[in-house]
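The values are calculated or read from the model by the stated rules, or taken from the named source; none is laboratory data. As the structure is a prediction and not an experimental result, all values here were calculated from the model. With ideal geometry, Cβ positions are generated from the backbone for all residues, glycine too; neighbour counts draw on all protein chains shown. Remember, those area values only see protein heavy atoms, side chains included, never the ligands or the DNA or RNA. Shrake-Rupley method; radii C 1.70, N 1.55, O 1.52, S 1.80 Å.
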Amino acid sequence: MAFRDAPDILTSRLRYEDSHTLERFLATGGYDGLRAAVARPADEIVEEVKTSGLRGRGGAGFATGQKWSFLPADVFPRYLVVNGDEGEPATFKDHMLIERDPHQLIEGIAIASYAIKCTKAFLYLRGEFALGHERMSRALREAYTHGALGRNVFGSGFDIDIVLHPGAGAYICGEETALLSSLEGFRGEPRIRPPFPAVKGLYQKPTVVNNVETLANMAWIVLNGGAAYAALGQGRSTGTRLLSLSGHVNRPGNYEVELAKSTFRDLFYDPALGGGIKGGREVKAFIPGGASAPWFGPDQLDCPLDLDEVQQRGSMMGSGSVVVMDETTCPVRAAWRITKFFAHESCGKCTPCREGSGWLEKVLRRIELGAGREEDLDLLLDVCDNLAPGLSWPPGQTTICVLGPSIPSPIYTSIRMFRDEYLTHVKEGGCPFS
Amino acid sequence: MTEQTETKKDTVTVTVDGKTFEAAPGELVIAAAERHGIYIPRFCWHPRMKPVGMCRMCLVEIEGVRGLPPACTTPVAEGMVVDTRTPVVKKAQDGVLEFLLINHPLDCPVCDRGGECPLQDQTFSFGPGESRFVEEKRHFEKPIAISELVALDRERCIQCARCTRFADEVAGDPLISFVDRGDHTQVLTFPDDPFTSYFSGNTVQICPVGALTASPYRFKARPWDLDQVESTCSTCAVGCRVNLQSSQNDLVRMLGVDSEPVNHSWLCDKGRFGYQAVEHDGRVTHPLVRKGDELIEASWSEAYAAAAKGLADVRDLHGAGAIAFLGGARGTNEDAYAWAKLAKGVLATDSVDCQLDDGLPAAAVLGLPRATIDDACRAKAVLLLGPDLKEELPVLYLRLREAVVDGGVAVVELGPQSTGMTRHAKTTLLYRPGEAVEVARALTSGRDPMPDAGGVRGEELAAAAGILGRAGEGVVVVLGRPSVAESGRTVAEAAAVIAAAWPQARFLPALRRGNVMGALDMGLAPGVLPGRVGLDAGREWFSQEWGVLPEEPGLDAAGIVGAAAEGRVQALVLLGADPINDFPDRTLARRALAGAGFVVAVDTFLTDSSREADVVLPAAMYGEKAGTTTNIEGRVTRVNQKVTAPGTVRSDWIIAAELAQRLGGDLGFDSTAAVWAEIARLAPSHVGLTADVLGRRENRDGVVAPYEGEGPPRHEAPVEQIEAAAAVHQGETLPSEAVAGAPEHAAVDEPSDDDDPAGAGRPPLLTFAVGDAGSTAAPPAVDAYALRLVAGRRLYDNGVTVRHSAHLAGLAPSPRLRANPYDLDRLGLGTGDRVRVTSSRTTLTLEVAADTGIPRGSVALPFNLPGEGAADLIDGTQPVTDLRVETTN
């Protein structure tokens, strides 16, 4: 199968125990991409990235090169902010990139900064990543000493500083405008757009916010060319992608796969990937792209790992986390568990999300614990509809950010797929799976 | 000009619910729709704050836009088609209201807000009939006091952030904030840091539910029992428009009304809650006449007879010049005019001063070219030479703060100590007390390099001069008294120097007493007559009407108090004046009250001064009388009566008129309307400003004097803008009313239009120039062992209003002597130490505090706090007061 022949763009060093050290990084071609980048005009790097077709790996999948080009010309200073606040349940790919190959990220940040003509980048790292902080701090010090950061990078005249900033434990700070508020020292709450960060972002200055994985691709693209990257994958889903596979598979973990060349079935069953479902059971449902994504049933197993294809089928690849639920899974409990996360993490700014998340969580809990009513199913669907009118993907927007309208995804898809099981909870006065 | 720019529209065409209209580019959909009669429900949006778009109540459909954008964050665009009533919008509105109500306690029957609650109202208009929520609601301890004035019920809160945004964006006091997340989000103060903002009451007014309630109003009334009139606050001279509300003839609440040129709907807490003094049990409710050591209740005719006899005796024995009037800056214009006419036109004494040597000379205030608040807020630069605006004119502080923060206006501050404005100022020049003139001369000298002056370094002066611009073009000077421990004349002289150097500069007086500007306009100051004319210039004009006039210019407050102390002034009439507490030099004020043989006090309470009087005539307070008032801009607005005064209390103008009769005079009016008619006929700056003109819709925000007749008012917002603001009110819970015409005014015959009052003989208005402030003694050389006193005021002080308002009285701080840490170090002192402070007057023991906002060599002690303080130390006969500070052991 074609996906097995793809190069390891993001994970090439992970086979080494000391992948996080500068020595290993340099021994494996580290900082060659940055050296090559600063030797070329910045605009050429932007063009390479545009050519690569790279789309943001944070969830929304916006074309990275295009995002960069929204920066207004001649407004300085401008900032690059790196979103390392990976906090979605079952998403753990950036976590690994930060801990296991910090220099690769630093190199990517420096290249992107050079490309967009920014001299100060901020790395917002999830506060809970203790080891990540330790390794990133050390790697930053090493990079400065090595001449990859600071004034006059590798003698090119390019200056770049990276500020490492620990998050304080809020999922919402992974939303780019909330991240900017948090970075500025304010409560982490999304901001109204427009103005978009590209125009008025951090400290009201033009700002690009990129995800960790997105930037980890930079050195490879510079060294191999945007066209080589674009040759991987298919259509608008180019390159490779790091997927966090978890749930009822035999081999959960992070897997770098070439986009569009394989399917969810491959991901779950290939011996080199998921290695099959635990105990040889059947897939009951799976989440194709993070907790916010509408669920898929077994009928979608042959859906290719292609951003547009997944979206067309009513969900998303989102943050790249794939969760497999086998037939032993209680869909009510699963939906409740995810909703509880969102209710806990709603920042509380917009009414529908603040109040709706808590309400939905309470109703789901009631059903799971045996006090459900038949009318609760329609109530759930209607409250969901008040959060995301139309109950489709991408969701209708009723709030400032997309957190609120994402909350209904597991609820309405699980009710649509497993209405009978919900009703069993109601009729039997409790969970048949416990 | 090209054809293209000529045809370019400066409006955009939008359609809302099928109605097509023009709107200003950038205007928000919610505001544009409302101006055209389409109300889009909302909670978080407030027309005076930046949109935040979080309650999601105003979601609408816009053609070509995905989803439901909020009308409060979406600006109009050419050709935009908006729908606010489609089934999708309706479902969203139902949904948001249902969401808001699931955790709301619905304790409306015991909620202050019930009956005037936007959540109630909009639920009725836009919400679902019932809730599908069967779970347990969120619970919090309720209510909790977040300050002495405000209680917070977090269960009722709908997290609209109006209060937190107000505190942060408008007041600049970010003392309340959201904590926690999701449906546990709550508003709270920071630990051990209560919501002690001077503007906290505004958060109660703008709260769209009953989450924030005002301690003075809690459970006092239900909205449907309230009766209200629109009026003007008279706590300070900013002149905020208010709704005055009563229940069963008790004032129970004041709410800010959105006046575009003045207060933008905001009030300070002193203004908002000071009505409690009106309802205080300790009011003087009947006349009192001294019998030996005691003041005995008497009838009005006994009291009038005693007052008239005492005054007539002094006049007959010592001449009219031995009678003096102090005070009168807290009443209406009509009151002030009546007193001026009694003093100058009946008794023929010019020793009249509505200020107590704590303001500025009348000639300067009346004679300098005037600026409005809007002028100041739109100026290229503002020079602030005056008191701490946050403490004395709080809403002017809000307006200027907004101008700085949002409008980028550059403020240069010039004063003897840092103030609430300092953090917003581009630069603050801290001068040595008494040396404002030297600093003004240097600042306007254009010299390069700039010399040091008045304790300010040349480089700082040069930087400030650079900001203000060499020619002073477009500079507005906010002018008041920075410290009562230095002579007001030096400040006036400094202003004259600036006016001479920068002819384009205009001045916004920053005097504090409620109607001090009206009192000055009405002639309650020496050397002036009503309508901003000098005594001599106006002599002929007024003598035709008034009969007698004073022969010679009289004494100002300092002169009166000094003369009374020496027995040269024999009779003192105190018009709500309490010189023992309000005159800078308490020692001299005490001697004056003892030295004056006969004292009449027209007052609302027995104060330290009125207790010494021979006759006390009880006067009506704010809310108990109608008339007009004048703010710092010269803006004349109506004040209205809401409650009946207690006992036999009367309005000042009636007391003046009846006293005049006993003194053989006749003031010639029998109603407030008649007094105003005379003012509008005679006072040169007010000629033509009739009750009819004041009552016009376009004058709902008042009229700035000098009145220039018909045509667009000077420095006013265009009418469209006023109407826009007026339209906006309709959407607020408590809409402002158009200025209600006082019926008594309507009954008066106005002078006919063809009777041109600007005819021959009308005297010219005062002007003020260098030297007009009178001689100013230079301050003595600085003594290395002494510290020079700075005495400003605090919002909560020992004044009548605060002292008699139950919820404000405890807020006055205890006096602390603040000094630069350098000086404290030099004396081996630190914050909290107690020291002996000695002036030429007395010695006090005080606590010291280090404050880098006080320049080296000076010490600051707030004026008129409860107990001994600055007034005991100040020697009013000297240009400055030097203190010796020693350790107590």
Completion exercise
If we ask which residues in the range B:652-676 are surrounded by 24 or more Cβ atoms within 10 Å (Cβ to Cβ) and not aliphatic (A, V, I, L, M), their number turns out to be 4
Problem - Condition check for residue A:381: more than 7 Å from chain B (Cβ to nearest Cβ), open to solvent by less than 20 Å² (accessible area, probe 1.4 Å) and either part of a helix (DSSP H, G or I) or under 29 Å from residue A:177 (Cα atoms) (or both) - result: no
Problem - Of all residues making up the range B:36-54, the number that are within 9 Å of chain A (Cβ to nearest Cβ) and either under 19 Å from residue B:82 (Cα atoms) or open to solvent by 10 Å² or more (accessible area, probe 1.4 Å) (or both) - result: 3
Exercise for the section: Within the range B:136-153, track down each residue that is more than 16 Å from residue B:218 (Cβ to Cβ) and touching a residue at least 24 places away in the same chain (Cβ under 8 Å). Expected result: B:137, B:138, B:140
Exercise for the section: State whether the residues of the range B:796-808 include one that is modelled with pLDDT of 95 or more and part of a strand (DSSP E or B). Expected result: no
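Could you check the range A:278-331 and list, in sequence order, the residues that are part of a strand (DSSP E or B) and either more than 18 Å from the chain's Cα centre (by Cα) or touching a residue at least 40 places away in the same chain (Cβ under 8 Å) (or both)? Give the steps one after another, and end with the answer.
If we filter the range A:278-331 for residues that are part of a strand (DSSP E or B), which is where we start, we get A:283-287, A:296, A:304, A:321-326.
A:283, A:284, A:285, A:287, A:296, A:304, A:321, A:322, A:323, A:324, A:325, A:326 - these are the residues of the range A:278-331 that are part of a strand (DSSP E or B) and either more than 18 Å from the chain's Cα centre (by Cα) or touching a residue at least 40 places away in the same chain (Cβ under 8 Å) (or both).
Pick out the one residue from B:473, B:493, B:540, B:552 that is of a type in the set (Asp, Glu), surrounded by fewer than 23 Cβ atoms within 10 Å (Cβ to Cβ) and in a helix (DSSP H, G or I).
On the way: B:473 fails: in a helix (DSSP H, G or I); B:493 fails: surrounded by fewer than 23 Cβ atoms within 10 Å (Cβ to Cβ); B:552 fails: in a helix (DSSP H, G or I).
Being of a type in the set (Asp, Glu), surrounded by fewer than 23 Cβ atoms within 10 Å (Cβ to Cβ) and in a helix (DSSP H, G or I) holds for just one of B:473, B:493, B:540, B:552, which is B:540.
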Handout entry: Given (1) within 25 Å of residue B:397 (Cβ to Cβ); (2) open to solvent by 20 Å² or more (accessible area, probe 1.4 Å), number of the condition residue B:184 does not satisfy
Key = (1)
Exercise for the section: Within the range A:384-425, track down each residue that is closer than 14 Å to residue A:339 by Cα, among the hydrophobic types (A, V, I, L, M, F, W, C) and within 9 Å of another protein chain (Cβ to nearest Cβ). Expected result: A:387
Exercise for the section: Return the residue satisfying two criteria in turn: it lies in the range A:219-268 and is surrounded by fewer than 22 Cβ atoms within 10 Å (Cβ to Cβ) and acidic (Asp, Glu), and of such residues it is farthest from residue A:95 (Cα to Cα). Expected result: A:266
Exercise for the section: Could you check, for the range A:155-171, whether at least one of its residues is over 20 Å from residue B:51 (Cα atoms), of a type in the set (A, V, I, L, M) and in contact with a Gly (Cβ under 7 Å, 6 or more places away or on another chain)? Expected result: yes
Exercise for the section: Please give the number of the condition residue B:276 fails out of (1) over 23 Å from residue B:809 (Cβ atoms); (2) in a helix (DSSP H, G or I); (3) polar (S, T, N, Q). Expected result: (1)
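Would you mind stating whether residue B:633 is open to solvent by less than 20 Å² (accessible area, probe 1.4 Å), out of contact with any strand residue (DSSP E or B) (no Cβ under 7 Å at 6 or more places or on another chain) and charged (D, E, K, R)?
Details: open to solvent by less than 20 Å² (accessible area, probe 1.4 Å): yes; out of contact with any strand residue (DSSP E or B) (no Cβ under 7 Å at 6 or more places or on another chain): no; charged (D, E, K, R): yes.
Judged against the criteria, residue B:633 is not a match.
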Completion exercise
Given (1) open to solvent by 20 Å² or more (accessible area, probe 1.4 Å); (2) within 14 Å of chain A (Cβ to nearest Cβ); (3) not hydroxyl-bearing (Ser, Thr, Tyr), residue B:209 misses just (1)
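Looking for something over 27 Å from residue B:469 (Cβ atoms), crowded, with 24+ Cβ neighbours inside 10 Å and in contact (Cβ under 8 Å) with a residue 60 or more places away in the chain - is there at least one such residue anywhere in the range B:368-387?
Initially, the range B:368-387 is screened for residues over 27 Å from residue B:469 (Cβ atoms), giving none.
Checked the range B:368-387: no residue is over 27 Å from residue B:469 (Cβ atoms), crowded, with 24+ Cβ neighbours inside 10 Å and in contact (Cβ under 8 Å) with a residue 60 or more places away in the chain.
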Practice task
Quickly run through the range A:33-50 and pick out the residues that are in a helix (DSSP H, G or I) and open to solvent by less than 70 Å² (accessible area, probe 1.4 Å).
Solution key: A:33, A:34, A:36, A:37, A:38, A:42, A:45, A:46, A:48, A:49
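For the range B:237-247, enumerate the residues that are part of a strand (DSSP E or B) and β-branched (Val, Ile, Thr). Break it down stepwise before answering.
Let us first name the residues in the range B:237-247 that are part of a strand (DSSP E or B), namely B:241-247.
Across the range B:237-247, the qualifying residue is only B:242.
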Practice task
Count, please, the residues in the range B:290-341 that happen to be closer than 25 Å to residue B:513 by Cβ and either surrounded by fewer than 23 Cβ atoms within 10 Å (Cβ to Cβ) or touching a Pro at 6+ places or on another chain (Cβ under 7 Å) (or both).
Solution key: 3
Practice task
Return yes when residue A:355 is acidic (Asp, Glu), under 30 Å from residue A:178 (Cβ atoms) and within 9 Å of chain B (Cβ to nearest Cβ) and no when it is not.
Solution key: yes
Practice task
Scan the range B:502-520 for residues that are within 15 Å of residue B:768 (Cα to Cα) and either crowded, with 24+ Cβ neighbours inside 10 Å or not hydrophobic (A, V, I, L, M, F, W, C) (or both) and jot them down.
Solution key: B:503, B:504, B:505, B:506, B:507, B:508, B:509, B:520
Fill in the blank from the handout: Exactly one of B:241, B:253 is in contact (Cβ under 8 Å) with a residue 60 or more places away in the chain and either open to solvent by less than 10 Å² (accessible area, probe 1.4 Å) or basic (Lys, Arg) (or both), and that residue is B:241
Fill in the blank from the handout: Given the conditions (1) modelled with pLDDT under 95; (2) within 14 Å of another protein chain (Cβ to nearest Cβ), every one holds for residue B:125 apart from (2)
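Here is a yes/no grid of residues against (1) among the polar types (S, T, N, Q); (2) within 27 Å of residue B:516 (Cα to Cα); (3) in contact with a His (Cβ under 7 Å, 6 or more places away or on another chain); (4) part of a helix (DSSP H, G or I):
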residue	(1), (2), (3), (4)
B:384	no, yes, no, no
B:397	no, yes, no, yes
B:403	no, yes, no, yes
B:429	no, no, no, no
B:446	no, no, no, no
B:465	no, no, no, yes
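Filter the range B:462-479 for residues that are of a type outside the set (Gly, Ala, Ser), closer than 29 Å to residue B:358 by Cβ and in contact with a Lys or Arg (Cβ under 9 Å, 6 or more places away or on another chain) and give the result. Let's see the steps before the verdict.
Keep residues of the range B:462-479 that are of a type outside the set (Gly, Ala, Ser), which gives B:467-468, B:470, B:473, B:475-479.
Right, trim to closer than 29 Å to residue B:358 by Cβ and you get B:468, B:475-479.
If the condition is that a residue be of a type outside the set (Gly, Ala, Ser), closer than 29 Å to residue B:358 by Cβ and in contact with a Lys or Arg (Cβ under 9 Å, 6 or more places away or on another chain), then B:468, B:475, B:476, B:477 are the ones that fit.
Would you confirm whether any residue within the range B:82-100 is under 37 Å from the mean Cα position of the chain (by Cα), in a strand (DSSP E or B) and either at pLDDT 95 or above or not assigned by TED's automatic domain parsing to the domain that holds residue B:406 (or both)? Lay out the reasoning, then the answer.
The first filter runs over the range B:82-100 and keeps only residues under 37 Å from the mean Cα position of the chain (by Cα), leaving none.
Within the range B:82-100, none of the residues are under 37 Å from the mean Cα position of the chain (by Cα), in a strand (DSSP E or B) and either at pLDDT 95 or above or not assigned by TED's automatic domain parsing to the domain that holds residue B:406 (or both).
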Practice task
Consider residue A:43 carefully, then state whether it is more than 30 Å from residue A:316 (Cβ to Cβ) and of a type outside the set (Lys, Arg).
Solution key: yes
Completion exercise
Filtering the range B:92-128 down to residues that are in contact with a Gly (Cβ under 8 Å, 6 or more places away or on another chain), farther than 22 Å from residue B:245 by Cα and open to solvent by 40 Å² or more (accessible area, probe 1.4 Å) yields B:94
Exercise for the section: Would you check if there is a residue in the range B:64-73 being away from every other protein chain (no Cβ under 11 Å), in a strand (DSSP E or B) and surrounded by 18 or more Cβ atoms within 10 Å (Cβ to Cβ)? Expected result: no
